[in-house]
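The values are calculated or read from the model by the stated rules, or taken from the named source; none is laboratory data. Bear in mind that the values here come from a model prediction, so they are computed numbers and not experimental data. Cβ sites come from the backbone with ideal geometry, for glycine too, and all protein chains shown count toward neighbours.
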Amino acid sequence: MAASGIVFVLFVLVHMYGNLKAFSGEVAFNEYAHHLRIFGEPMLPENGLLWIIRIVLLVSLVAHVGSAVALMRRARAQRPVKYQVKRNNASSLSSRTMRWGGLTLFVFLIWHLLNFTIVKINPAGDQSADITENPYRLMVSSFDLWWMTLIYLVAMLALGFHLHHGTYSALQTLGWVNSASARAKAKIAGWVIAIVIAGGFSLVPLAVLFGVID
């Protein structure tokens, strides 16, 4: 779970950087999207890099979900009867919402792929080639709708919580949290990664909704 989680952190960090290209304008954003499709040519075929990334992410997703299910079953086997305990400040909100947050992100991932990759659904209703074949215009057309931006922001909130606890857990699993100072640094790292990535992703839809990007 830690290894596959690190793969996802690296991916969303790079993906967020690509999304921020929207602030450079339509030409720069579309050039970036086009460059991803032809990266590595002629050694790689068109979309070759994208398919390599997709396969790595799919394998990582299977490993991540499979690990989560295995850990959940192991926990239930060791504690078949739930303890009656009162909630306290010992566990963070992000740790208590990991499963629901993961499920939320999985559902959002399916919609996100349908919206921008697999089918290129434009919720605004314009399915012309000028929109669906233009990544920048499809993005702007989608986030011009307040409810689309709201869905995206809720997903980013779930992503932030997931990254916050997931980063700390991964560092702990890898043996990098073996002292009080290391634990404090790991918690800070979790917050930094969560805020930078979830916050960075949120900037573009908010900018579109409020007319900064059009």
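What residue, of Ala189, Ala184, is over 25 Å from Asn30 (Cβ atoms) and either part of a loop (DSSP other than H, G, I, E, B) or in contact with a helix residue (DSSP H, G or I) (Cβ under 6 Å, 6 or more places away or on another chain) (or both)? Walk me through how you get there before you give the answer.
Numbers: Ala184 fails: either part of a loop (DSSP other than H, G, I, E, B) or in contact with a helix residue (DSSP H, G or I) (Cβ under 6 Å, 6 or more places away or on another chain) (or both).
Result of the check over Ala189, Ala184: Ala189.
For the stretch 34-42, the criterion of being closer than 22 Å to Val107 by Cα and either within 16 Å of the chain's Cα centre (by Cα) or free of Cβ contacts under 8 Å to residues at least 24 places away in the same chain (or both) is met by none of the residues.
Ser67 - would you say it is in contact with a Ser or Thr (Cβ under 8 Å, 6 or more places away or on another chain) and modelled with pLDDT of 85 or more?
On the way: in contact with a Ser or Thr (Cβ under 8 Å, 6 or more places away or on another chain): yes; modelled with pLDDT of 85 or more: yes.
Considered against the rule, which asks whether it is in contact with a Ser or Thr (Cβ under 8 Å, 6 or more places away or on another chain) and modelled with pLDDT of 85 or more, Ser67 comes out as yes.
Residues that are at pLDDT below 85: list the helices (runs of 4 or more DSSP H) wholly contained in the stretch 78-172 that include at least 1 such residues. Walk me through how you get there before you give the answer.
Details: elements: 93-96, 98-116, 129-132, 135-143.
It comes to 93-96, 98-116, 129-132.
Within the stretch 118-131, residues that are farther than 23 Å from Trp51 by Cα and of a type in the set (Ser, Thr, Tyr) have Cβ atoms under 8 Å from residues that are exposed (fewer than 11 other Cβ atoms within 10 Å of the Cβ) and at pLDDT below 85 in no pair, counting only partners at least 6 apart in sequence or on another chain.
Starting from the stretch 81-103, take each residue that is under 13 Å from His164 (Cα atoms) and list its partners that are at pLDDT below 75 and exposed (fewer than 10 other Cβ atoms within 10 Å of the Cβ), counting only C-beta distances under 9 angstrom and pairs at least six apart or across chains. Pairs that qualify, where the first residue is under 13 Å from His164 (Cα atoms) and the partner is at pLDDT below 75 and exposed (fewer than 10 other Cβ atoms within 10 Å of the Cβ), are Arg96/Arg87.
Condition check ((1) of a type in the set (Phe, Trp, Tyr); (2) in contact with a Pro (Cβ under 7 Å, 6 or more places away or on another chain); (3) buried (at least 16 other Cβ atoms within 10 Å of the Cβ)) across all residues:
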{"residue": "Gln127", "(1), (2), (3)": "no, no, no"}
{"residue": "Asp130", "(1), (2), (3)": "no, no, no"}
{"residue": "Asn134", "(1), (2), (3)": "no, no, yes"}
{"residue": "Ser142", "(1), (2), (3)": "no, yes, yes"}
{"residue": "Trp146", "(1), (2), (3)": "yes, no, no"}
{"residue": "Leu163", "(1), (2), (3)": "no, no, yes"}
{"residue": "Ala170", "(1), (2), (3)": "no, no, yes"}
